[in-house]
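Before any comments, here is the structure.
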Amino acid sequence: MAGMIQQVQMTGIVKRFPGVLACNNIDFDLHAGEVHALLGENGAGKSTLMKILYGMYQLDGGSIAIDGAVRRFHSPADSLDAGIGMIHQHFMLVPTMTVAQNVALGQSSDKKFLLDLKTVTERICELSAAYGLKVNPNDLVGHLSVGEQQRVEIIKALYRGASIIILDEPTAVLTPQEVDDLFIILKKMVKEGHGLVFISHKLHEVTALCDRITVLRDGCKMGTRPAAGVERHELIKMMVGRDLKELSHRDYKPGAERLTITDVRASGDRGTETLKGINLSVHAGEILGLAGVSGNGQLELAECLIGIRKVDSGRILLDGLDIASMKLNERIAKGMAIIPEERMRDGAVNDFSVQDNVFLHDHTDKEFRTGIFLNFKKMAAHAKKLVGEYTVKTPTLETPIKNLSGGNIQKLIMARELARKPTVLIAAQPTRGVDIGASEYIHQRLLMQRDAGTAILLTSEDLDELYALSDRIAVIYEGTIMGVFLRQDTDIQTLGLLMAGIRPGDAPKPDLPIASCEG
Amino acid sequence: MPMAFMLQRNKAAVKAPKKGDGFEFMLRTLVPFLGVFAALAISAVVLLMLKTNPIVAYSAMLQGAFGSISGLSQSLVKATPLLLVGLGVCIAFRASVINVGGEGQIILGSIAGTWMALSFPDLPSAILIPACMTVGFIAGAFWGFIPGLLKARFKVNEILSTIMLNAIALQFMNFLLQGPMMDPEGIKAGTFLAQSARLPESSWLARLIPRTQLHAGLYVALGFAVLVYIFLWRTTIGYQIRAVGLNPNASRYSGINVPFNQMLSLTIAGGLSGLAGVIEVMGVHRRILEGLTGGYGFTGIVAALLGSLHPLGIVPASVLFGGLLVGANTMQRAVQIPAALINAILGLIVLFVSGSALWIHNIIKKRKTAAVVLAPVKDAEQ
């Protein structure tokens, strides 16, 4: 490819948002043929810095030089012209169009007013062959898996001639196997002379893939390290500003069976059967991790357990009592609690104050009301106690909860649910989108709760998290449980295959045929 | 871990939406009125095109609405039902239910109250008046309960069902006034006017100022403004209604019955409109007659919005709209402009007021981001 960018140099980049210094004098450089990781917690400024390079944001200070020449990008179109592309976390694809149509979207064709899909298809096949990006140009994007859609995004960027590609948390939505595939593709691209920026907060991915690692914290650059030989805890310290406590390893002494799920079937929102006969049991004093790519029934299972979704058939026993047809309030009274997966949608009322959010369920508790009148004094005392106990950072109890960070909101939701001393806790993706400090705290709290004898069902897409916390791990795939293992009896490889629906011993999935590219 | 938490204020929270610093409070109170002025300014252009002097027109309006004891009383008379309907709309809106059924609920309330008064004319006022109000409230509440139930059970859109119930109520009233409830005096005299018999004097609300229509119903409405405030922000039911309105999902996850609260809020809204109807009958007309509702069921929605859906904000908003209704009539008479233009002016005011609400919201949001020391640039929502 002609005109590959050899070097990008960002010097002294400053970006202000109203009242926030998102990028504080950051230097960043990238060479052709390397993967440069941008590591940092949520809100550290990684995406902002890269959106400046991609022309989505305008810089307030500093400069960008491409191959030594200072450039200024006013829009993504500008930077695309210069050869810089970006793959966003949320794909920008039209599901009802084919791959080729999606790639052609917004591109001018040689035939002026006519859509030249044939040329596009040929070019896609070339790229696909050159980089190992297996995609059929004639497939509808809506029918593709998440990993395949991501490949389409990469093809789009390559098609537009991007030699520098920014990947914004590309692995967040992938299974471990898909991550491996992606890394192979990325390494190939590097070999072909592309420069890649890899935004992430997952340490092991960064060290496995990248050549250099730049860590950002609170909008400042904390340093750049070569990936080879860098210590994990050093990176964590740069990201978080302190060392993390190691989770101590615990004895596994399960108590009585608290929650028993027998052949539970339920339909999803679209009316199709989403849970196809789930069997699981959770014991007192254990954490059962539920691994799976999101969308395989975890959300529906959690909703069935707490009583928001109707169970079509099967039994849910809580301490031997069938609760499958009970109302949510009865289940809570019997000792169930849930930390919902969609924190802001299902867990909190954004416009309510911190204090009000503590009482979404408990305001009907006799302790916090006199007749129909709320007892503000007791409510404030209880909220204050929880906020202190769970180190929720909030200016006041009256602050609307939406002004808090994701981690603090999650801590508050957790405080609210655990304050009832539940016997069974469903923790659905409790640390998703939460910064490392708060994650660590949430993990410790979950373990404390386990040691106190609560039966915990933990769903997560993050296998590392499941490994660190669970006593047993179950894998869910398309509404069935693929297997349940003691933590020490399994490994990431096995779990990853099961998450993709492949049982050990199954024949490996045939490669996708690229029919239109043959011959 | 360090106690990173500091409580600046320890006293129990009264979570009124108007809370905030001085600037925010000023914005929220001042800008809607600026919106009214802007709407009047644009209307002035239209008036000029009609070769009417806007200054003359507006001074006639102001004079008519607030310039004299009788004008002011008349404005307050109109503000009374607006306030009650607006309070109901406010409760429903807080549960994110839109009550467009005020007209029908007013009618049902007035019919029930009239029936009560005509059936028990010998009861003393101290019993009859509260009884009429109660019956009127219940009848209106029933008319709000129907769409509430339909929404809760079958997810029927309440905007459609309340509007349809308006039509049913109107025809029901027409039927009653031309049949069973028609004034016997009118039948005797052969006039056959579509109106009910005159209410017994024991059911009349006291007039507050001689030779005006201003009646004690105003106090009732003001009392309900305070009650609704307490209801929404101090009781468990009010808490649930607000939670349901702000986030039905989180409410569901916490065991709050979303459909029930929506139904309840519509029922209470209906009750308040019904009360407006019976008070209008007992205070102003002393009988039911055609056109009794006077569009209060719709204008009340606007008053509620102008009062930023806060019970205590709806009080001045109702007075303003009462004044606009009275003043518009005076203006029409003074400068001879078509009645349609009056409606257009009121419409412009609504537009500007709701628009300014959006504008304020954006400004405050911007200030909030500016005030936060380190706002999350992007809270991962993968």
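Rule-based calculations on the coordinates, nothing more; no lab input. If you're wondering where the values come from, they're calculated on a predicted model, not measured in any experiment. Positions of Cβ are generated from backbone atoms using ideal geometry, with glycine treated the same way; all protein chains shown enter the neighbour counts.
Between B:Ala303, B:Ala65, B:Ala206, the Gaussian network model of chain B with springs among Cα atoms under 10 angstrom shows the greatest mean-square fluctuation at B:Ala206. Across chain B, the longest run free of exposed loop sites, meaning GluC sites (Glu not before Pro) lying outside DSSP classes H, G, I, E and B with no more than 15 other Cβ atoms within 10 Å, spans B:1-289. How big is the gap, in Å, between the Cα center of the range A:260-307 and the Cα center of the range B:230-289? What the calculation gives is 37 Å, centre to centre.
Note on the range A:183-313: Kirkwood radius taken over Cα pairs, Stokes-Einstein applied at 4 °C and 1.567 mPa s, translational D equal to 67 µm² s⁻¹. Comparing the range B:186-256 with the 2.2 N^0.38 Å rule of thumb, its C-alpha radius of gyration ratio is 1.99 (two decimals). For the range A:48-122, the square roots of the Cα gyration tensor eigenvalues, ordered a ≥ b ≥ c, give a/c of at least 1.5 with a/b greater than b/c, which places it in the prolate category.
Quantify how much of the Cα-Cα distance distribution of the range A:1-86 extends past 22 Å, in percent.
For the range A:1-86, the fraction of Cα-Cα distances above 22 Å is 21 percent.
For chain B, the pair-distance distribution built from all alpha carbon pairs, in bins 20 Å wide starting at 0, is 26, 54, 18, 2, 0 percent. Pairs exceeding a 32 Å alpha-carbon distance, out of A:Lys310/A:Lys393; A:Lys134/A:Lys402; A:Lys156/A:Lys202; A:Lys51/A:Lys202; A:Lys202/A:Lys334: A:Lys310/A:Lys393; A:Lys134/A:Lys402; A:Lys202/A:Lys334. Comparing the range B:95-185 with the 2.2 N^0.38 Å rule of thumb, its C-alpha radius of gyration ratio is 1.22 (two decimals).
Here's how it looks for A:Gly277: its modeled amide H is under 5 Å from those of A:Val264, A:Arg265, A:Ala266, which are all 5 or more places away or on a different chain.
Restricting attention to the range A:7-240, close to 55% of DSSP beta bridges with both partner residues there are antiparallel.
Mean projected area of the convex hull spanned by the Cα atoms of chain A, taken over all viewing directions: 27.1 nm².
Measuring nothing but how far apart in sequence close Cα pairs (under 8 Å, 6+ apart) lie, relative to its length, chain B scores a relative contact order of 33 percent.
Separation of the range A:430-484 and the range A:193-258, taken as the distance between their Cα centroids, equals 19 angstrom.
Take the cross-link list A:Lys118/A:Lys188; A:Lys327/A:Lys377; A:Lys46/A:Lys237; A:Lys221/A:Lys411 and give me the ones stretching past 19 Å between alpha-carbons.
Working: A:Lys118/A:Lys188 26 Å; A:Lys327/A:Lys377 30 Å; A:Lys46/A:Lys237 17 Å; A:Lys221/A:Lys411 28 Å.
Pairs exceeding the cut-off: A:Lys118/A:Lys188; A:Lys327/A:Lys377; A:Lys221/A:Lys411.
Computed over the Cα atoms of the protein assembly as shown, the ratio of the radius of gyration to the Kirkwood radius (Rg/Rh) comes to 1.05.
Could you list log10 I(q)/I(0) for the range A:368-494 at q = 0.14, 0.18, 0.22 Å⁻¹, which the Debye formula gives when each Cα is one point scatterer? For the range A:368-494 at q = 0.14, 0.18, 0.22 Å⁻¹, log10 I(q)/I(0) is -0.71, -1.03, -1.34. For chain A, the 222 nm mean residue ellipticity estimated from helices alone, with every DSSP H stretch of n ≥ 4 adding -39500 (n - 2.57) and the total spread over all residues, rounds to -9000 deg cm²/dmol. Residues in the range B:62-69 carry Karplus couplings, in order, of 4, 4, x, 7, 10, x, 9, 4 Hz; the curve used is 6.51 cos²θ - 1.76 cosθ + 1.60 with θ = phi - 60°, and Gly or Pro positions show x.
Along its principal axes, the range A:106-187 has C-alpha extents of 42, 29, 21 angstrom, given from the largest down. Here, P(r) means the percent of Cα pairs in each 5 Å bin from 0 to the largest distance; for the range A:259-346 it is 3, 13, 26, 27, 21, 9, 1, 0. Based on the Kirkwood approach, the hydrodynamic radius assigned to the range A:312-411 is 15.2 Å, with every pair of different Cα atoms included. Put a plus charge on the Cβ of each Lys and Arg, a minus charge on the Cβ of each Asp and Glu, and nothing anywhere else: the dipole of the protein assembly as shown about its Cα centre is then about 3040 debye.
Mean residue ellipticity at 222 nm, helices only, chain B: -24000 deg cm²/dmol; runs of at least 4 DSSP H residues each add -39,500 (n - 2.57), and the sum is divided by the number of residues. For the range A:7-240, the calculated P(r), taken from all Cα-Cα distances in 10 Å bins from zero up to the bin holding the longest distance, is 8, 32, 35, 19, 5, 0 percent. Other protein chain C-beta atoms within 10 Å of residue C-beta, averaged over A:387-396: 4. Per residue of A:336-344, other chain Cβ atoms within 10 Å of the residue Cβ number 2 on average.
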